[in-house]
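Derivation of every value follows stated rules applied to the coordinates shown; laboratory data play no part. A quick note: this is a predicted structure, and the numbers were derived from the prediction, not measured. Here Cβ is always computed from backbone atoms with ideal geometry, including for glycine, and neighbour counts include all displayed protein chains.
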Amino acid sequence: MFNYPSNIYDQSAVIPFKVENKHVKIMLIKSRKGKWIIPKGIIEDGLSPQESALKEAVEEAGVAGIVNEQIIGEYKYEKWGGTCNVKVYSMFVNKEYEKWEEDFFRIRRWFNLDEAIIKIKNQKIAKMLNQIPDIVSLYVNDSSRTVQY
């Protein structure tokens, strides 16, 4: 792996989704500043970007599931006096916890796809949300339209 200067941070994130009554739902969480965001964090040593993103989803949103191996997009933002490079993956949610590590300050909520696109202010992430319906077909049985576990 390439050694970046110390002011560049590699992060990974997930877009948690589920199918409810034949509609795609996206989970968003509130940042400390009150914006709707997706779970993300620094890629931890010893973890793949997907494993690290799953860990963040459990800690920040209290959800777990199947993280797609394929990246659906990337974006950058400024933080900590440097640049964060974020790899984004989709995650089919199959477990939702009542209590989770950051539940004392994180608000989580399921949105319809159109609502989620409006709530997310980062346009690169909003565009990635549009890919979720195509990804859903990997987890949904076309004949019965029921989720496969």
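List of remarks:
- Under the simplified labelling scheme, the Ile8-Glu101 pair shows an inter-label distance of 2.6 nm, with each label point 7 Å from Cα along Cα→Cβ.
- Placing +1 on the Cβ of every Lys and Arg and -1 on the Cβ of every Asp and Glu, with nothing else charged, gives the chain a dipole about its Cα centre of roughly 640 debye.
- For trypsin sites (Lys or Arg not before Pro), the sites in the stretch 19-75 that DSSP calls loop and that have at most 14 other Cβ atoms within 10 Å are Lys22, Arg32, Lys33, Lys35.
- For Lys30 and Asp134, the FRET efficiency from 1/(1 + (r/R0)^6), where r spans their Cβ atoms and R0 equals 25 Å, is about 0.35.
- The alpha carbons of the stretch 8-136 stretch over 43, 30, 29 Å along the principal axes, in descending order.
- Pairs from Lys33/Lys99; Lys22/Lys121; Lys99/Lys127 whose Cα-Cα separation, in the structure shown, is over 24 Å: Lys22/Lys121; Lys99/Lys127
- Taken one residue at a time, the phi angles of the stretch 27-41 give Karplus couplings (6.51, -1.76, 1.60, θ = phi - 60°) of 8, 10, 10, 8, 6, 5, 8, x, 8, 7, 9, 9, x, 7, x Hz. Gly and Pro are set to x.
- Förster radius 30 Å - calculated FRET efficiency between His23 and Asp45 (Cβ-Cβ, nearest 0.05): 0.20
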